[in-house]
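The values are calculated or read from the model by the stated rules, or taken from the named source; none is laboratory data. Owing to the predicted nature of the structure, the values given are computational and were not obtained by experimental measurement. When we count neighbours, we look across all protein chains shown, and the Cβ atoms used for this are built from the backbone with ideal geometry, even at glycine. When the accessible area is computed, the model is the full protein with side chains, heavy atoms only, and any ligands, DNA or RNA have been set aside. Shrake-Rupley method; radii C 1.70, N 1.55, O 1.52, S 1.80 Å.
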Amino acid sequence: MPSTPANSDLPAAPDAPVEAGLLDALQHQVAVFARRAEQTRLGGVGQARNSMDRAAYLLLNRLDLEGPMGVKALAGGMGIDSSTVTRQVAPLVDTGLVKRTSHPEDGRAVVLALSARGLARLEEVRSSRRELMSRVTEGWSPQEREAFTTLLTRFNLSLSELMAAVAEGGPTS
């Protein structure tokens, strides 16, 4: 059995150099993906007209999928703080994509809801992004697209769980 450093609780993997190389390749590809996504802002086809800030897209998408909610619930579901959501939502309210309404059960509380204009804009961006994904994965089989989506979803969930554990002061390994 390979020896391990005295301060390690985990045994070294037999193929540690191979695994390190694979992890290096993975982190590099994630970095390249992040750059490409930011360059295109995953705006889809016809980028100038159909691009949307990542934060705006995620906020609008969440409101569409989950319905009206307060800032705190929106922030919690996205793993960010309320002040960040408040700052990101302000221009969406100003442009009429999101509306502030009274909570149906507690008229004193305010909830954020996707406006009809916001839904139309979100659908426009979704359609454009769908076309981009279609073009990027044009030579892929439906099974490859599904496998990639499954693995990317799993990766994002693992990353979210790790970040939540770190934020709570939990273990990072």
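Assorted remarks:
- Peptides 92-98, 76-82 ranked from most to least packed give 92-98, 76-82, packing being the mean of other C-beta atoms within 10 angstrom over each peptide's residues.
- Formal net charge of residues neighbouring Val93 (Cβ-Cβ distance under 12 Å; K, R +1; D, E -1): +3
- Taking the centroid of alpha carbons for each part, segment 64-121 and segment 125-151 are 29 Å apart.
- Its Cα centre serving as origin, segment 60-129 has a Cβ charge dipole (Lys and Arg +1, Asp and Glu -1) of approximately 160 debye.
- The gain in end-to-end length when the Thr153 to Arg35 segment is fully stretched comes to 40.6 nm, 0.36 nm per residue minus the alpha carbon separation.
- Accessible-area order (highest first, 1.4 angstrom probe) of the listed residues Val110, Val32: Val110, Val32
- Other residues within the sphere of radius under 12 Å centred on the Cβ of Met133, judged by their own Cβ, net out at +3 (K and R +1, D and E -1).
- Note on Asp64/Leu23: beta-carbon distance plugged into 1/(1 + (r/R0)^6) with R0 of 30 Å gives a FRET efficiency of 0.25.
- Two-site FRET efficiency, Thr86 against Ala167, from Cβ-Cβ distance with R₀ of 22 Å, rounded to 0.05: 0.70
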